[in-house]
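Participant: Structure incoming, see below.
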Amino acid sequence: MAKGLLMVMTGEGKGKTTSALGMALRTAGHGLRVCFIQFIKGSWRYGELEAIKRFDDLIDFHVMGRGFTWKSENLEEDARLAREGWSKACGAIESGRYHLVVLDEFTYLLHYNMLELPACLEFLKEHCPQQHVLITGRYAPDALMAAADLVTEMRVIKHPLKSGVKAQKGIEF
């Protein structure tokens with residue numbers, strides 16, 4: 001590896017997690033290990049979880065948290081789970097075991113001040129020279145985007161939900 005990259009996929013548009021999963025599959029396709037940590041998806045069932053199980057020898061997949069945090073009735077518990085998830089992420093990054101570590105929906109933890117941005121950035125700056133890290137989620141802080149080597153912003157131009165079409169299996173989940 002010439003340089004570990006810090007990458008961010010953010011924005012209001014659809015496709016951040018899906019793109020991260022694609023990168024995880026690309027990495028696994030080369031026989032390289034991935035740690036994929038989802039921070040706020042909770043116990044929601046969706047197709048990606050089933051598909052990724054087929055690569056359990058190369059992709060370690062962890063679902064942290066209890067679901068969509070901004071609707072929570074117990075923010076203290078969510079913050080505790082966020083810290084627990086961040087600890088797991090730090091361990092995965094420090095282990096050197098993975099070619100890629102994905103922190104899916106991690107930006108929400110920073111946006112809602114469940115974790116301290118300066119401490120997270122310091123850790124990432126220290127470890128990214130040897131490790132690829134991909135962070136997804138809306139509301140990526142400017143400081144995170146400035147520190148990143150690659151930033152992609154997804155934006156909505158048109159979405160079927162706006163015309164009354166509900167989420168569909170295989171497309172939205």
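The values are calculated or read from the model by the stated rules, or taken from the named source; none is laboratory data. These figures come from a predicted structure and were not determined experimentally. Virtual Cβ from ideal backbone geometry, glycine too; neighbours counted across all protein chains shown.
Participant: Hey, among the residues in region 124-143 that are of a type in the set (A, V, I, L, M) and in contact (Cβ under 8 Å) with a residue 60 or more places away in the chain, which one's surrounded by the fewest Cβ atoms within 10 Å (Cβ to Cβ)?
Facilitator: Leu124
Participant: Just the residues that are part of a strand (DSSP E or B) and over 12 Å from Leu103 (Cβ atoms), please, taken from region 122-173.
Facilitator: Leu150, Val151, Thr152, Glu153
Participant: Of the residues that sit in region 36-51 and are in contact with a helix residue (DSSP H, G or I) (Cβ under 7 Å, 6 or more places away or on another chain) and not in a loop (DSSP other than H, G, I, E, B), which one is modelled with the lowest pLDDT?
Facilitator: Glu48
Participant: Restricting to region 3-22, give me the number of residues that are surrounded by 19 or more Cβ atoms within 10 Å (Cβ to Cβ) and part of a helix (DSSP H, G or I).
Facilitator: Residues meeting the conditions: 4.
Participant: Filter region 103-126 down to residues that are of a type outside the set (A, V, I, L, M) and under 17 Å from Phe36 (Cα atoms), then give me how many there are.
Facilitator: Residues meeting the conditions: 5.
Participant: Name the pairs: first residue in region 8-34 and under 18 Å from Gly47 (Cα atoms), second residue polar (S, T, N, Q), Cβ to Cβ under 6 Å, at least 6 apart or on different chains?
Facilitator: From residues that are under 18 Å from Gly47 (Cα atoms), the pairs are Lys16/Thr136; Thr17/Thr136; Ala20/Thr136.
Participant: Please verify whether Glu94 is without any contact (Cβ under 8 Å) to a residue 24 or more places away in the chain, not hydroxyl-bearing (Ser, Thr, Tyr) and not in a loop (DSSP other than H, G, I, E, B), treating the condition exactly as stated. Lay out the reasoning, then the answer.
Facilitator: On the way: without any contact (Cβ under 8 Å) to a residue 24 or more places away in the chain: no; not hydroxyl-bearing (Ser, Thr, Tyr): yes; not in a loop (DSSP other than H, G, I, E, B): yes.
Spelling it out, it is not the case that Glu94 is without any contact (Cβ under 8 Å) to a residue 24 or more places away in the chain, not hydroxyl-bearing (Ser, Thr, Tyr) and not in a loop (DSSP other than H, G, I, E, B).
Participant: Report yes if Pro141 is of a type outside the set (A, V, I, L, M, F, W, C), in contact with a helix residue (DSSP H, G or I) (Cβ under 6 Å, 6 or more places away or on another chain) and farther than 26 Å from Arg33 by Cβ, otherwise no.
Facilitator: It is true that Pro141 is of a type outside the set (A, V, I, L, M, F, W, C), in contact with a helix residue (DSSP H, G or I) (Cβ under 6 Å, 6 or more places away or on another chain) and farther than 26 Å from Arg33 by Cβ.
Participant: When you check Glu50 against the structure, is it loosely packed, with under 15 Cβ neighbours inside 10 Å, over 19 Å from Ile93 (Cα atoms), of a type in the set (D, E, K, R) and touching a residue at least 40 places away in the same chain (Cβ under 8 Å), yes or no?
Facilitator: Against the criterion (loosely packed, with under 15 Cβ neighbours inside 10 Å, over 19 Å from Ile93 (Cα atoms), of a type in the set (D, E, K, R) and touching a residue at least 40 places away in the same chain (Cβ under 8 Å)), Glu50 does not qualify.
Participant: Could you list, in sequence order, the residues of region 66-97 that are at pLDDT 80 or above, of a type outside the set (S, T, N, Q) and over 17 Å from Glu116 (Cα atoms)?
Facilitator: Hits for region 66-97 are Gly91, Ala92, Ile93, Glu94, Gly96, Arg97.
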